[in-house]
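Below is one structure, written out as C-alpha cells; the observations come after it.
The values are calculated or read from the model by the stated rules, or taken from the named source; none is laboratory data. Because the structure is a prediction, the values reported are computed rather than measured. Cβ placement follows ideal geometry from the backbone for every residue including glycine, while neighbour counts extend to all protein chains displayed. Just so you know, the surface numbers come from the protein's heavy atoms only, side chains and all, with ligands and any DNA or RNA stripped out. Shrake-Rupley method; radii C 1.70, N 1.55, O 1.52, S 1.80 Å.
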Amino acid sequence: MNLYPLGKILCSAIFYPLYRIKVIGAENFPKEGGVLLCTNHIDNVDPPVVGSTCPRPVHFMAKEELFKMPLLKSILPQVNAYPVKRGMSDREAFRNTLKILKSGKVVGMFPEGTRSKTGELGKGLAGAGFFALKGGDAVVVPCAIIGPYKAFRRLKVVYGKPLDLTTYRENRTSAEDMTEVIMSEIQKLIEQNK
C-alpha cells in the first residue's frame, strides 16, 4: 500500500498554514519523465515540505539508520523513501536511484548531503552530478527552500527551470563539475527570491 498521497495531504494540512508556504515556479516542473530534484537542506522537515509542494510524487534517499527504527521501517517505503548507507559508496542505493530516474519518476536529493548549520548553501557532493549525468533522459530541476522555519513566518519553496544536460553529457563533464553547476543554479534561486 502506498501512503504517499495520504502523507502529502497530511503534510500540506500541517506545513502550509504553519509556515505560510509560498510555492514559486511549480509551472517549471516537467509533467512527465525522469527528474532529479536537487534542493538545499536547511531543516529536518525539508523532505516532507518538498514532497508536499512538488507537483509530482518524489522518491527520497533516507539514511539507513531510519529503516531500523520500528515504526519508521514500515512507513518509509510506503512514502517512496529508500535507504542509503552514509559515508560510503552504496551500490544498491546508486542502482535504485538510476532505476527510478530511468523509469521516468522523480528523485529528490539534497546535494550537500547534510543540513546546513548556518542556513547558507554548502558545497555539493559529487553524487548529485553523477546521477544527473548517468540518469538517462532525466533532467535536473533545481529547488531552493528559503526560510527560516519559524511558525507563521513565510517559507518559500522555489522550483527553477529544468536544466538541459545534453551538452554536459556530450562533453563528458565530471560529476564534481556537474554538481557545481547544479549548486550555482540553487544559489541563484536563493538570491533571486530572498
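The fraction of accessible area contributed by carbon and sulfur in the chain is 56 percent, rounded to a whole number (1.4 Å probe; ligands and nucleic acids excluded). Within the shell of other residues whose beta carbon sits under 12 angstrom from the beta carbon of His59, the net charge comes to +3, with Lys and Arg scored +1 and Asp and Glu -1.
Considering only alpha-carbon pairs that sit under 8 angstrom and 6 or more positions apart, the relative contact order computed for region 1-151 is 36 percent. For region 147-194, a crude dipole built from +1 on the beta carbon of Lys and Arg and -1 on the beta carbon of Asp and Glu, taken about the Cα centre, is about 540 debye to the nearest 20.
Only helices enter this figure: runs of n ≥ 4 DSSP H residues, each worth -39500 (n - 2.57), summed and divided by the residues of the chain, yield -11500 deg cm²/dmol at 222 nm to the nearest 500.
Mean-square fluctuation check for the chain, GNM, Cα pairs under 10 Å: which of Cys38, Cys11, Cys54 is largest? Residue with maximal mean-square fluctuation among Cys38, Cys11, Cys54: Cys11.
Solvent-accessible surface of region 9-160, averaged per residue with a 1.4 angstrom probe and all protein chains in place: 51 square angstrom. Charged side chains reduced to their Cβ positions (Lys and Arg at +1, Asp and Glu at -1) give the chain a dipole of some 520 debye around its Cα centre.
With springs only between Cα atoms under 10 Å apart, run a GNM on the chain and tell me which of Gly51, Gly119, Gly34 wobbles the most. Looking only at Gly51, Gly119, Gly34, the biggest GNM fluctuation is shown by Gly119. When the chain is treated as a GNM with alpha-carbon contacts under 10 Å, the residue of Pro77, Pro142, Pro17 showing the greatest mean-square fluctuation is Pro17. List the lysines whose Cα lies under 29 Å from the Cα of Lys156, skipping any in the same chain that are fewer than 8 positions away. The reachable lysines, counting only those whose Cα sits under 29 Å from Lys156, are Lys8, Lys22, Lys31, Lys63, Lys105, Lys117, Lys123, Lys188, Lys194.
Subtract the Cα-Cα distance of Lys150 and Asp43 from 0.36 nm times their separation in residues, and report this length gain in nm to one decimal.
37.4 nm
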